[in-house]
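In what follows, a structure is listed as structure tokens, so that the remarks can point back to it.
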Amino acid sequence: MTEVVPGGSIGVDVFFTVSGFVITLLIMKEYRAAGRLCLGVFYAKRLARLWPALLAVCAVVILGGWIFPLSGWAVRKPTQFRRPATW
């Protein structure tokens, strides 16, 4: 796939750089507003903001797997996922 879209791995670096910047900015903003930083409250706010999107994605994935069960995972037995002893 890298031949089709060269430099695609740069997107990961950009994502982590931007998200680190945003998190640092939010931490600094909360510290300036309250005069202190409570990480529990900070992460609770982030969780409250991201939780609905997480539930929506999980619902879409479960619904899609239920409607389009082409992968065959639903009919496999747990023993079929084990590697052969020769590996």
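Here are some notes:
- Accessible-area value, Cys38, 1.4 Å probe, nucleic acids and ligands omitted, Å²: 50 Å²
- Solvent-accessible heavy-atom area per residue, rounded to whole Å², over the range 24-65 at 1.4 Å: 83 Å²
- Additional length obtainable on full extension of the chain from Leu50 to Ser19, 0.36 nm per residue less Cα span: 9.8 nm
The values are calculated or read from the model by the stated rules, or taken from the named source; none is laboratory data. This one's a predicted model, so the numbers in the text were calculated from it and none came from an experiment. The protein model used for the area step is the full one, side chains on, heavy atoms only, and it has no ligands, DNA or RNA in it. Shrake-Rupley method; radii C 1.70, N 1.55, O 1.52, S 1.80 Å.
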